[in-house]
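Right, one structure below, let's go through it.
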Amino acid sequence: MNSNKINYADITISAVSPSQYPKEGLPEIVLAGRSNVGKSSFINTMVNRKKLARTSGKPGKTRTLNFFNIENELFFVDVPGYGYAKASNAEQEKWGRMMEDYFSTREELVLGILLVDFRHEPSEHDRLMYDFYKHFDVPVFIVATKSDKIKKAKYNKHESIIRKALDIDPDDKFFTFSSFTKEGRNEIWEAIAAHLQKDERT
């Protein structure tokens, strides 16, 4: 896939149960992160679209698993953002069950991307999400968003804070990313392509 010229990207379905998941059998890459971490901006930047994934002024708006078909080669799966204080316990339990159903049963799931805010130490929710990926044996990329807000001289310091807080496995890839400057976009696509090729061989 030529990441610089993506001709097709569209949302296929917003699913709440396994019966609604796409049937194409394409590899799926899950995107998880706090409600305000910039997942929609990440998706739009990665596929060179402005409004494929809707950015919202209201955190926690995503209530479903949103499947985005990219070039009929893979799906980005945007899962509900976590850490949104106004979500009720019942809503959070519902999200949790939906996530567990997906992670525990979906054979097409080949990679997880955990988005964290590069400016801040990861939250307890971030750590739990990282552990969630590990529990289900899902390979993980860490993507630190909003890198344009940090001076280059402080990159190592912020990366070190994130690695320590999440207790990141040394083998897990770490990227800095900015939807404003597109920093990290090409590197992430290259790593995704390499991972998919590796997955095909195993």
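What to note about this one:
- Residue pairs, from the table Lys149/Lys173; Lys51/Lys164; Lys154/Lys198; Lys5/Lys154, whose Cα atoms sit over 28 Å apart: Lys51/Lys164; Lys154/Lys198; Lys5/Lys154
- If you plug the beta carbon distance of Glu73 and Ser17 into 1/(1 + (r/R0)^6) with R0 = 41 Å, you get a FRET efficiency near 0.95.
- CD proxy at 222 nm, helix term only [per DSSP H run n ≥ 4: -39500 (n - 2.57); per residue of the chain; nearest 500]: -10500 deg cm²/dmol
- Loop-located GluC sites (Glu not before Pro) across segment 107-202 with a Cβ neighbour count of 12 or fewer within 10 Å are Glu107, with loop assigned by DSSP.
- Extent along principal axes [Cα atoms of segment 93-202; Å; largest to smallest]: 42, 34, 25
- Trypsin sites (Lys or Arg not before Pro) restricted to segment 127-202 and DSSP loop, no more than 11 other C-beta within 10 Å: Lys151
- FRET E, pair Lys151, Glu190, Förster distance 25 Å, beta-carbon r, rounded to 0.05: 0.45
- Working note: Debye formula, equal point scatterers on the alpha-carbon atoms of segment 9-201, no solvent; log10 I(q)/I(0) at q = 0.08, 0.19 Å⁻¹ is -0.23, -1.55.
- For segment 150-202, projected area of the alpha-carbon convex hull averaged over all directions, nm²: 4.6
- Additional length obtainable on full extension of the chain from Arg49 to Gln197, 0.36 nm per residue less Cα span: 50.8 nm
- Asp137 versus Glu124: modelled label distance in nm, points set 7 Å from Cα along the beta carbon direction: 3.0
Laboratory data are not the source of any read-out in this text; all were calculated from the coordinates shown. Keep in mind that what you see is a predicted model, and the values were worked out from it rather than measured. Methodologically, a virtual Cβ is constructed for each residue, glycine included, from the backbone with ideal geometry; neighbour enumeration extends over all protein chains shown.
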